[in-house]
Amino acid sequence: MPASDILHDSFYKFADITDVDSTAATLRELTAALTGVLLVAHEGLNGTLAGTAAALDAFRVALADDPRLGGRFTGIAFKRSPCVTAPFQRMKVHSRPEILPLGLPSGHSGVNAVGHVGLQVTPKQWRELLDDPNVVVVDNRNHFEVRLGRFRNAVDPLVRNFRDFPAYIEAQLPTWQAEGKQIAMYCTGGIRCEKTSAWLHERGVTVLQLEGGILNYFAEMPDAERDWDGECFVFDNRIALDTRLHETGTTAEQVYAGDPDEAWRLRRAQQLAGSAEPDEAEATAFDATRPVP
């Protein structure tokens, strides 16, 4: 099948899943005609899939309606984009302790992200707050992603992995609070912000969250280039998208070049470009063995 006939869907849902193994088995059956990665945990589902429009649409219906899934995955916001390069080589469904590890200190009881989200901001509202001096806009992604592209006026936390993000917030939060700043966050598809927002909600901190993340902003705003500088990294074989959600031609070598700390990511990307198992991506996308949308 030509890659041009393939579409890419990314999605997630924080939901209470009691029997993770049974849910994973059902999802393996429902994704037989697709490629990609699904992560399943007691806290929910995180996935990136590729296939024809008909196959992806059939999966969407089954995900919501299959009685074995108990209606847990209704109301999911899917982010769809076209493909030039086939994003994945095969289909994998993995059971995990978390669909997105936040990296909190040992002894922490964890974060309940089911039903706890930040204040969702529509793309049009997001454009307005980018120029608000009382708002600090934080890019909730890895440094190599921010380096490739970001929203104007956004802060780069300079973290190498999402698990390092809480430490950055802990260090900056007192200053932001003293200055009376409202915190706004964005990521590729929304899941990283949602997990972070749930953690901060437990601390009594309200966060503005870009609805649907960068991918939704690109889809909803025809002139997104007004607010976005560069490209958006995606954790699959396409590597990067422009503000029209089109593959850019940027290579993994260009993304990671000159950064010895990211050499392992380059090796992994080169393996995945062949016949190796795809990244577990937010995704949107997943970063090596860790989900990082």
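FYI, it's all coordinate maths here, none of it is from the lab. The structure displayed is predicted, hence computed values, not measured ones. Positions of Cβ are generated from backbone atoms using ideal geometry, with glycine treated the same way; all protein chains shown enter the neighbour counts.
For the reader, a short list of remarks on this structure follows.
- Among V121, A171, V155 the positive-end extreme of the charge dipole of the stretch 119-230 (Cβ point charges): A171
- Simple spin-label estimate for A32 and Q125 gives 4.3 nm between the two label positions (7 Å along the Cα-to-Cβ direction from each Cα).
- Each peptide in 130-142, 66-78, 243-255 was scored by the mean count of other Cβ atoms within 10 Å over its residues; highest first, the order is 130-142, 243-255, 66-78.
- Loop-located GluC sites (Glu not before Pro) in the stretch 143-184 whose Cβ has at most 12 other Cβ within 10 Å (DSSP): E179
- Computed extension gain for R68 through A263, at 0.36 nm per residue and net of the alpha carbon distance, reaches 66.0 nm.
- Between L104 and K181, the modelled labels are 2.3 nm apart [label points 7 Å from Cα along Cα→Cβ].
- Three-way shape call for the stretch 84-243 based on the alpha-carbon gyration tensor, with the a/c threshold at 1.5: oblate
- Surface/4 of the Cα convex hull for the stretch 147-241, nm²: 6.6
- Of all DSSP bridge pairs formed entirely within the chain, close to 60 percent run antiparallel.
- Annotation: amide H of V155 within the under-5 Å range of V137, V138, D139, sequence separation 5 or more or interchain, hydrogens built in the peptide plane.
- Within the stretch 119-230, antiparallel bridges make up roughly 20 percent of the DSSP beta bridges whose residues both belong there.
- Radius, Kirkwood style, for the chain when every pair of distinct Cα atoms is counted (Å): 19.1
- If R0 equals 25 Å, the separation of the Cβ atoms of T52 and R244 corresponds to a calculated FRET efficiency of about 0.75.
- The stretch 119-230, relative contact order [Cα under 8 Å, separation at least 6], %: 34
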